[in-house]
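What follows is a single structure, written as structure tokens, with notes after it.
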Ligand SMILES: [Zn+2]
């Protein structure tokens, strides 16, 4: 690894520690300028490709999921930490199923389930967009189901 201070190519590892999440932290010293710095390595788990309704594939996008959630959560008492947690849980479930492809609907269903536990208004908004509830009848059915629970 190159030295971030002087760009020297040779740095030495002087200490290595592991954390419980599978990460490895290394203390390093530069052979050129003698500055010390740390590097952190973590495993990147594969997230399956998403199969869209029209049959095309797209890569899972954290940004896309987050922006969809924020649209639904606008002006609701929901914190960045709540949204981060939901995204983290969805990603963990995607990685745990260990498949190379899943229907994109799978991600939407997970998001809907998480929002339902968090905030009913955000849930209904997300459901309207995601389930394509375009008529009042189906929106009312969804809300009636919610109120009945
Ligand atoms: Zn250096």
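Read-outs: derived from the displayed coordinates by stated rules, not from any lab. These numbers come from a predicted model, not from an experiment. Note that each Cβ is placed from the backbone with ideal geometry, even for glycine, and that neighbours are counted across all protein chains shown.
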Quiz item: What order do you get for 10, 114, 103, 75 when you list them from fewest to most C-beta neighbours inside 10 Å?
Solution: 75, 10, 103, 114
Quiz item: Could you put 89, 63, 58 in order, starting from the residue whose Cβ has the fewest other Cβ atoms within 10 Å?
Solution: 63, 58, 89
Quiz prompt | Cβ-Cβ FRET estimate between residue 75 and residue 20, R0 fixed at 41 Å, reported to 0.05 | solution = 0.65
Practice problem: Quick one: order 69, 136, 118 by neighbouring beta-carbon count within 10 Å, fewest to most. | Solution: 136, 118, 69
Exercise. Take the alpha carbon gyration tensor of the stretch 44-88, find the square roots of its eigenvalues, order them as a ≥ b ≥ c, and report rounded if a/c is under 1.5; if not, report prolate when a/b exceeds b/c, else oblate.
Key: oblate
Practice problem: Return one number: the angle in degrees, 0 to 90 and rounded to the nearest 10, between the long axis of the Cα atoms of helix 120-130 and the longest principal axis of the Cα atoms of the chain. | Solution: 90 degrees
Practice problem: Would you calculate, for the chain, the mean residue ellipticity at 222 nm contributed by helices, counting each DSSP H stretch of 4 or more residues as -39,500 (n - 2.57) and dividing by all residues, to the nearest 500? | Solution: -14500 deg cm²/dmol
Quiz prompt | Estimated FRET transfer efficiency (residue 66, residue 147; beta-carbon r; R0 30 Å; 0.05) | solution = 0.55
Quiz item: Let a ≥ b ≥ c be the square roots of the eigenvalues of the Cα gyration tensor of the stretch 49-148; is it rounded (a/c under 1.5), or, if not, prolate (a/b larger than b/c) or oblate?
Solution: oblate
Exercise. Would you please classify the overall shape of the stretch 107-149 from the alpha carbon gyration tensor, given that a ≥ b ≥ c denote the square roots of the eigenvalues, rounded means a/c under 1.5, and beyond that prolate means a/b larger than b/c while oblate covers the rest?
Key: oblate
Practice problem: Consider a paramagnetic label point 7 Å from the Cα of residue 105 along Cα→Cβ; state which residues of the stretch 19-51 have an amide N under 20 Å from it. | Solution: 48-51
Quiz item: Between residue 44 and residue 5, what is the spin-label point distance in nm, taking each point 7 Å from the Cα along the Cα→C-beta axis?
Solution: 2.9 nm
